[in-house]
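Worksheet: one structure, shown below.
The values are calculated or read from the model by the stated rules, or taken from the named source; none is laboratory data. Just so it is clear, the model here is predicted, and its values are computed rather than measured. Heads up, the Cβs are rebuilt from the backbone with ideal geometry, glycines too, and the neighbour counts pull from every protein chain shown.
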């Protein structure tokens with residue numbers, strides 16, 4: 001038998017005979033086997049690539065998560081360091097002010113100062129000294145002054161009038177046509193206190209008062225073409241349960257308070273500009289008012305034994321520059337008069353997170 005091309009022959013010998021048998025192997029069979037093996041290798045390679053891509057994605061996600069958590073932990077640690085730096089500055093300013101009052105010839109804080117700066121090895125701190133005498137008494141300020149205050153804070157006249165009447169209603173006895181029906185519409189409902197404010201934060205419950213109005217906010221600067229921002233104070237900077245029922249401190253009263261007590265706008269602007277250069281003293285304040293032809297019995301210097309210390313701290317980086325992170329802490333401090341008191345200083349309120357412009 002003549003074998004065909006591509007067939008293998010084999011001989012079977014037996015009984016003096018031989019037989020050629022063709023086997024279905026050869027060139028084409030080997031090609032088919034090779035193709036199957038190539039497909040198997042390609043599938044394995046593709047699987048390896050997919051697994052590698054998945055592992056790379058997992059590794060990238062894990063690295064990103066670790067980096068984010070590391071940055072978050074670092075920021076938290078820096079925030080805590082800044083908190084204690086600001087707290088320490090408040091205690092230092094508190095006792096330096098006490099020393100300055102008791103030792104007028106050796107003052108550590110000059111008379112009339114509204115802020116003091118401290119440079120520590122770990123960072124810088126600015127402490128603002130804000131006497132409550134620079135604010136109005138929320139429990140005694142008449143409605144017309146509350147109205148002028150709201151307008152000076154940038155509220156429209158109708159909103160300012162509503163808030164003024166709501167404050168008077170909150171601190172006064174119940175009257176017909178009050179705001180209790182409005183407060184009763186909330187869930188849970190409540191009524192106006194109809195008694196003196198015990199904490200200034202109660203203003204957040206008064207009709208018409210929003211967080212922006214209470215804390216203050218930033219508004220567009222009309223003189224900068226709307227591209228810049230201006231800080232606008234809030235009610236918390238103007239009213240206090242320990243505020244003044246008469247004259248306010250000329251060195252620390254914000255412009256809105258000056259407008260509320262009836263100071264003309266041009267005089268108020270000039271007064272603020274003048275005190276930025278140097279704090280007023282008794283003689284310079286009298287000269288200033290005389291020059292503008294104003295005899296205001298509503299202005300005075302210092303007074304009141306309660307001062308809010310507001311400290312803003314910035315950490316120092318290893319290269320000596322200050323970090324962008326800032327932390328503000330505040331304390332309401334009462335200086336006790338001479339007498340049988342356990343300490344000359346009492347901290348009435350402590351604010352772990354304060355707002356500062």
Residues of the range 89-131 satisfying the condition of being farther than 25 Å from residue 242 by Cβ and either surrounded by fewer than 16 Cβ atoms within 10 Å (Cβ to Cβ) or out of contact with any helix residue (DSSP H, G or I) (no Cβ under 7 Å at 6 or more places or on another chain) (or both): 103, 105, 106, 117, 119, 120, 121, 122, 124
The lone exception for residue 320 - which of (1) in contact (Cβ under 8 Å) with a residue 12 or more places away in the chain; (2) within 17 Å of residue 81 (Cα to Cα); (3) in a loop (DSSP other than H, G, I, E, B) it fails: (1)
Tabulated pairs, the range 284-300, first within 17 Å of residue 111 (Cβ to Cβ), second in a helix (DSSP H, G or I), C-beta under 8 angstrom, 6+ apart or interchain: 288/270; 288/271; 288/274; 299/285; 299/289; 300/133
Breaking point among (1) surrounded by fewer than 20 Cβ atoms within 10 Å (Cβ to Cβ); (2) in contact with a strand residue (DSSP E or B) (Cβ under 6 Å, 6 or more places away or on another chain), for residue 333: (1)
Single unsatisfied condition, residue 297 versus (1) outside any helix (DSSP H, G or I); (2) surrounded by 13 or more Cβ atoms within 10 Å (Cβ to Cβ): (2)
Lone qualifier among 325, 348 - being more than 25 Å from residue 212 (Cβ to Cβ) and part of a strand (DSSP E or B): 348
Residues located in the range 186-211, provided they are assigned to a loop (DSSP other than H, G, I, E, B) and surrounded by 15 or more Cβ atoms within 10 Å (Cβ to Cβ): 192, 193, 197, 206, 207, 208, 209
When residues of the range 141-163 are limited to those that are in a loop (DSSP other than H, G, I, E, B) and touching a residue at least 24 places away in the same chain (Cβ under 8 Å), the one surrounded by the fewest Cβ atoms within 10 Å (Cβ to Cβ): 154
Members of the range 250-271 that are farther than 30 Å from residue 207 by Cβ and touching a helix residue (DSSP H, G or I) at 6+ places or on another chain (Cβ under 6 Å): 250, 251
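To keep it simple, each residue is scored yes or no on (1) modelled with pLDDT under 95; (2) part of a helix (DSSP H, G or I).
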| residue | (1), (2) |
| --- | --- |
| 124 | no, no |
| 130 | yes, no |
| 139 | no, no |
| 165 | no, yes |
Residue 138 buried (at least 17 other Cβ atoms within 10 Å of the Cβ), within 18 Å of residue 171 (Cβ to Cβ) and touching a strand residue (DSSP E or B) at 6+ places or on another chain (Cβ under 6 Å): yes
Whichever residue in the range 251-270 is touching a strand residue (DSSP E or B) at 6+ places or on another chain (Cβ under 7 Å) and over 23 Å from residue 111 (Cα atoms) and, among such residues, is surrounded by the most Cβ atoms within 10 Å (Cβ to Cβ): 260
Set 246, 234, 216, 172: member being out of contact with any helix residue (DSSP H, G or I) (no Cβ under 9 Å at 6 or more places or on another chain), closer than 22 Å to residue 307 by Cα and touching a residue at least 12 places away in the same chain (Cβ under 8 Å): 246
